[in-house]
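Bear in mind that the values in this text are calculations on the coordinates, not laboratory data. Just so it is clear, the structure is predicted and the values come from calculations on it, not from any experiment. Heads up, the Cβs are rebuilt from the backbone with ideal geometry, glycines too, and the neighbour counts pull from every protein chain shown.
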Amino acid sequence: MKLRKLGVLLLVAVFLSVFVVGCKQEAKTPDQGTTTEKFKVGFIYVGSPGDAGWSYAQDQGRKYLEKEMPEVETLFLEKVPEGADAEKSIDQLVQDGCKVVFATSFGFGDAVLEIAKKYPDVVFMHCSGLNTAENVGTYFGRIYQMRYLSGIVAGKMTTNNNLGYVAAFPIPEVVRGINAFALGAQSVNPNVKVKVVWTNTWFDPAKEKEAAKGLLEAGADVIAQHQDTYTPQQAAEEAKKYSIGYNSDMHQFAPNANLTSPVWNWGPYYVKTVQSVMDKTWKSEAYWGGVDQGIVALAPLSDKVPADVKQLVTDKQEAIKNGSLYIFEGPLKAQDGTVKIKEGQKMTDVEMLSMDWFVAGVDGKIEAIK
């Protein structure tokens with residue numbers, strides 16, 4: 001009996017060993033071998049990827065990252081409030097295993113810096129941010145270059161020299177874009193004026209459309225925008241006027257009105273950044289890339305734009321690329337006629353990043369955010 005029991009125990013032991021080995025082998029495939037956990041990267045969006053605007057463009061970059069780097073898994077949280085509440089969302093992504101977190105809106109800055117102290121081994125990237133730390137980098141693109149080119153289009157297509165601009169918040173990023181747009185328009189049409197209306201919103205479709213309607217009713221025949229919605233484009237379409245979009249190609253939302261849009265191409269930058277973290281070569285920096293690095297671009301121009309204007313835009317874009325055209329170069333005057341940048345001088349990055357004045361020809365006030 002003892003021998004029989006011993007034999008049974010031996011058989012059970014052999015069976016269990018085979019079962020365990022079998023279970024381990026289930027985690028293998030002929031091609032991949034043993035599966036490994038993917039490198040996780042997180043994103044927080046101020047809006048929704050379905051807005052066709054800022055968050056949409058960011059999400060296209062996230063999808064590009066996953067496509068180009070199969071070893072990476074991405075997670076994202078949408079409609080995250082700016083301010084202190086963003087800390088909870090960032091913390092959630094870290095708790096979910098993210099080794100890199102991209103905070104994709106200006107208002108996430110304080111939350112990023114605070115969370116970064118808690119997780120020194122995680123890399124945090126703040127889009128359009130102002131402050132870096134040992135494990136915090138900032139990144140943005142010189143979208144003002146594309147604003148300038150879109151201004152050329154608007155300046156050529158206006159029939160009454162009145163351009164309208166639906167603007168988000170009076171911060172340097174937006175002010176800089178308005179000025180670049182105005183300078184581009186003035187470069188081909190010295191008599192053009194740009195009227196600005198502030199909405200103090202990033203994403204409020206109804207309010208932003210009403211702002212565009214107001215500008216159109218006041219006489220603007222081309223509408224530009226720094227908003228995440230496409231409703232200003234629709235307002236121009238309904239009024240049978242022209243428009244310039246933003247963030248992504250908005251032609252589909254206003255096929256008769258939309259002339260072009262300054263757009264973002266975040267994907268390659270995300271790949272480069274994540275790869276450097278994985279390679280342990282990442283270093284904190286304040287990145288501000290331009291058209292020469294492919295992070296900003298201009299959506300295809302409408303068929304309504306004449307061939308000579310298209311060629312002019314192409315030529316000017318090449319000039320920006322090779323450095324022969326520097327947009328914020330003197331002489332530049334402010335609204336009141338005072339010379340802000342003398343002839344032959346160029347604004348530095350620091351000056352551009354803190355721009356708080358409008359160039360001559362812009363009708364609008366820069367008031368403190370309430």
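Across the stretch 328-336, coupling constants 3J(HN,Hα) worked out from phi with the 6.51/-1.76/1.60 Karplus curve, θ = phi - 60°, read 9, 10, x, x, 10, 10, 7, 3, 7 Hz, and Gly and Pro carry x. Given R0 = 22 Å, the distance between the Cβ atoms of K272 and E73 translates into a calculated FRET efficiency of 0.75. Distance in nm between label sites at S324 and K365, each 7 Å beyond Cα in the beta-carbon direction? The two pseudo-label positions are separated by 4.4 nm. Helices in the chain that qualify as membrane-span-like (whole DSSP H runs, Cα extent of at least 20 Å along the helix axis, mean Kyte-Doolittle hydropathy of 0.5 or higher) are 2-26, 172-188. For the stretch 160-209 versus the stretch 317-346, the inter-centroid distance based on Cα atoms is 18 Å. Between Q311 and Q335, the distance separating the two model label sites (each 7 Å from Cα on the Cα→Cβ line) works out to 3.9 nm. Each of Y64, G364, I295 was scored by the projection of its Cα onto the charge dipole of the chain, and the greatest displacement toward the positive side belongs to Y64; charges sit on the C-beta of Lys, Arg, Asp and Glu.
Given a Förster radius of 22 Å and the C-beta distance between K117 and L353 as r, what FRET efficiency does 1/(1 + (r/R0)^6) yield to the nearest 0.05? The pair K117/L353 has a calculated efficiency of 0.35. When only Cα pairs below 8 angstrom with a gap of at least 6 residues are kept, the chain shows a relative contact order of 16 percent. Rounded to 0.05, the FRET efficiency of the D292 and E217 pair, given R0 = 41 Å and the Cβ-Cβ distance, is 0.55.
Helical content alone sets the calculated 222 nm signal of the chain at -12500 deg cm²/dmol, taking -39,500 (n - 2.57) per DSSP H segment of four or more residues and averaging over every residue.
For L298, nonlocal amide neighbours, meaning residues 5 or more places apart or on other chains whose placed amide H falls under 5 Å from its own, are V263. By DSSP, the beta bridges lying fully in the chain are antiparallel in about 20 percent of cases. Residues whose amide H falls under 5 Å from that of F43, counting only those 5 or more places apart or on a different chain, are L75, F76, L77, F102, with hydrogens built in the peptide plane.
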